[in-house]
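> Mind looking over this structure? Questions follow.
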Amino acid sequence: MKKILLVQLRNNKKIAEQEFRCFEDALASVGANIERLNLHDKKINLDELSKYGSVIVGGSHYSIHDLFPQKKDLIELIRRVIDAKIPFLGVCFGFEMLVAVCGGKVIHD
């Protein structure tokens, strides 16, 4: 089974760690190997996507409506995941990003 990539955009290290541990615990029962990339710490290397069997984009303190430095790269990552037909799970912020990339409209409460 290929690794699962958890993409995070979290500036709070404790929350980032908690989110990672929750996914790791939830996926342990199926023997999944999860790796994470926090975009606050490291830039996306899109050429490495092929080594992952699936991608998760988790939560963030940002919204799709916010401007943040990693937005362009994250949009490109999701586009490439879709084009490559890599299974994708968007949770909270990750779902907002997926909707926007697919041409949908995210409405603030």
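> Can you send over the solvent-accessible area of H61, 1.4 Å probe, protein chains only, in Å² to the nearest 10?
Accessible area, nearest 10 Å²: 100 Å².
> Give me a comma-separated list of calculated 3J(HN,Hα) values for segment 49-58, in order, Karplus coefficients 6.51, -1.76, 1.60 applied at θ = phi - 60°, integers in Hz, x for any Gly or Pro.
The phi angles translate into 4, 5, 7, 10, x, 7, 10, 10, 10, x Hz.
> Would you mind checking which residues have amide H under 5 Å from L6's amide H? H placed 1.01 Å from N; only 5 or more apart, or other chain.
Hits under the 5 Å cutoff: E35, R36, L37, I56.
> If you take every residue apart from L39 with its C-beta less than 10 Å away from the C-beta of L39, what net charge results, scoring Lys and Arg +1 and Asp and Glu -1?
Details: positive: R10, K42, K43, K71; negative: D41, D73.
Result for the neighbourhood of L39: +2.
> Using a 1.4 Å probe on the protein chains only, how many percent of the accessible area of segment 1-108 belongs to carbon and sulfur? Kindly include the intermediate steps, with their values, before the conclusion.
Numbers: 3560 of 6420 Å².
Of all accessible area on segment 1-108, carbon and sulfur atoms account for 55 percent.
> Please calculate how many Å² of accessible area segment 30-97 carries per residue, with a 1.4 Å probe and no DNA, RNA or ligand atoms counted.
Working: 3790 Å² over 68 residues.
Heavy-atom accessible area per residue stands at 56 Å².
> Give me the one-decimal nm value for the distance between modelled label points at C22 and A84, 7 Å along each residue's Cα-to-Cβ direction.
The answer from the label model is 2.6 nm.
> Explain nothing, just the number: relative contact order of the chain, from Cα pairs under 8 Å at least 6 residues apart, as a whole percent. Write down the numbers at each step before the final one.
On the way: 149 pairs, mean separation 32.2, N = 109.
The value is 30 percent.
> Just flag the trypsin sites (Lys or Arg not before Pro) in segment 68-109 sitting in loop per DSSP whose Cβ has no more than 15 other Cβ atoms within 10 Å. Intermediate results must be reported in sequence, preceding the final value.
Working: sites: K71, K72, R79, R80, K85, K105; in loops: K85, K105.
Those satisfying the criteria are K85, K105.
> Now for a different question. Grab the beta carbon distance between S29 and L67, set R0 = 35 Å, and tell me the FRET efficiency rounded to 0.05.
Details: r = 39 Å, r/R0 = 1.11.
It comes to 0.35.
> Follow-up. If you average the C-alpha positions of segment 1-28 and of segment 59-109 separately, how far apart do those two centres end up, in angstrom?
So the two Cα centres are separated by 17 Å.
> Can you classify segment 1-62 as rounded, prolate or oblate using the Cα gyration tensor, where a ≥ b ≥ c are the square roots of its eigenvalues, rounded means a/c under 1.5, and otherwise it's prolate if a/b beats b/c and oblate if not? Intermediate results must be reported in sequence, preceding the final value.
On the way: a/c = 2.53, a/b = 1.16, b/c = 2.19.
In terms of gyration-tensor shape, oblate.
> Convert each backbone phi in segment 31-39 into a coupling constant with the Karplus relation 6.51 cos²θ - 1.76 cosθ + 1.60 (shift: θ = phi - 60°), then list the ³J(HN,Hα) values in order as whole Hz, x for Gly and Pro.
Running phi through 6.51 cos²θ - 1.76 cosθ + 1.60 with θ = phi - 60° gives x, 6, 10, 10, 10, 10, 9, 9, 5 Hz.
The values are calculated or read from the model by the stated rules, or taken from the named source; none is laboratory data. All of these numbers come straight from a predicted model, not from anything done at the bench. Glycine gets a Cβ as well: all are built from the backbone with ideal geometry, and neighbour counts include every protein chain shown. Note: areas computed on protein heavy atoms with side chains; ligands, DNA, RNA excluded. Shrake-Rupley method; radii C 1.70, N 1.55, O 1.52, S 1.80 Å.
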